[in-house]
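The block underneath contains the structure these notes are about, expressed in structure tokens.
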Amino acid sequence: MKNTKRALRLPALSLAALAAVSLSACTNLTAVRTFATTSAAAAENKEVLADYARSPVVLARLAPANRSAGLEALAKERAKQRARLWSVQRVLGHYFRTLGDLAASSLPSANSEIGALTIALEDAKGVVGAAAIPDATFDAAGSIAKVLTRLALDGWRQAKVAEIVREVDPSVQRVVAGLGEVVQKHFSASLDQEAEAIRGYFETALADAKSRGEEEATGRLARYLEAEALDGVEARRQKLAPYLEALGKVGKGHAELAANAGKLDGKTLVDQLEQLSKELGTLATAAGKLGS
């Protein structure tokens, strides 16, 4: 009878031991998860994309009638660029959210949007009028999307985090650099053009008011409206700096993950990720709230 009870207890003890081993295999990657979550929020920024797309609409309100057709065409192209850039941002956001799930030892879920984004990124390459967005950026984002699909199909867990980070880092760096280049060059130049158009419009209005002896009344109103319009441009410009800085920190943090993939819970890395997460939270708020 004693032998029977002992035999019955053995499976239970074995299960308990297996559970203990399973739990001990899960490393505490809270810092990785927090960094991934804040990176997703910082990378996905509809505000700066909307500002870029709306600039030709603002210019059309100030331009002579004979330029309206060209600006309408530019507005349509900007809307397409906005959609393409959102696909890139969205893939990056999905990747970091998935990384956060894996760090928490959660199973990455299949997301129907990934398939649509993969197609959109492939279709965006080489499009006439899309010169503002390098094909290399689309390629890198597409590579990330393919990895996300594989993760969901294969059911990868926390044990694969180091492998995934190493594999995806080159693509993350290219996407971050590509987005940063577009924002720094094209978004900033677009705001410069808008500010120049505003000044030109109101210079004409002020000259007209002066020629009719109405500088005191109409001229003062024109100067007020010009200042208001330029303040709006400046408020939108102020979103670019924190967004660019955030992209840089996202890339830096992911590079640190890749370099330290063998010890993701190491104190030095954890301290770095915690600091980056705080900074990213502040920058994401600034880039989304300034001037809105």
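The values are calculated or read from the model by the stated rules, or taken from the named source; none is laboratory data. These numbers were taken from a predicted model, which means no experiment stands behind them. Note that each Cβ is placed from the backbone with ideal geometry, even for glycine, and that neighbours are counted across all protein chains shown. Ligands, DNA and RNA are stripped out before the accessible areas are found, and what is left, the full protein with its side chains, is counted by its heavy atoms. Shrake-Rupley method; radii C 1.70, N 1.55, O 1.52, S 1.80 Å.
Points worth noting:
- Of A116, A152, all but one fail to be part of a helix (DSSP H, G or I), aliphatic (A, V, I, L, M) and at pLDDT below 85; the exception is A152.
- Qualifying residue in the stretch 157-174 (condition: closer than 16 Å to G142 by Cβ and of a type in the set (G, A, S)): yes
- From the list A83, A65, the one residue that fits, being under 30 Å from A152 (Cβ atoms) and open to solvent by 50 Å² or more (accessible area, probe 1.4 Å), is A83.
- Which listed residue, of A235, A227, is in contact (Cβ under 8 Å) with a residue 40 or more places away in the chain and among the hydrophobic types (A, V, I, L, M, F, W, C): A235
- Filter pass, G248 being in contact (Cβ under 8 Å) with a residue 24 or more places away in the chain, over 26 Å from the mean Cα position of the chain (by Cα), part of a helix (DSSP H, G or I) and surrounded by fewer than 20 Cβ atoms within 10 Å (Cβ to Cβ): no
- Against the test of being open to solvent by less than 30 Å² (accessible area, probe 1.4 Å) and out of contact with any strand residue (DSSP E or B) (no Cβ under 8 Å at 6 or more places or on another chain), the options A261, A189, A229 yield a single qualifying residue, A261.
- Residue-level check: of (1) at pLDDT below 90; (2) open to solvent by 60 Å² or more (accessible area, probe 1.4 Å); (3) farther than 26 Å from T34 by Cα, A75 misses just (2).
- Within the stretch 127-148, being modelled with pLDDT under 90 and open to solvent by 60 Å² or more (accessible area, probe 1.4 Å) holds for V128, A131, D135.
- When the stretch 102-123 is limited to residues that are free of Cβ contacts under 8 Å to residues at least 60 places away in the same chain and crowded, with 20+ Cβ neighbours inside 10 Å, the one that is farthest from S143 (Cα to Cα) turns out to be P108.
- Sole residue being assigned to a helix (DSSP H, G or I), touching a residue at least 40 places away in the same chain (Cβ under 8 Å), open to solvent by 20 Å² or more (accessible area, probe 1.4 Å) and acidic (D, E), chosen from E216, E181, E196: E181
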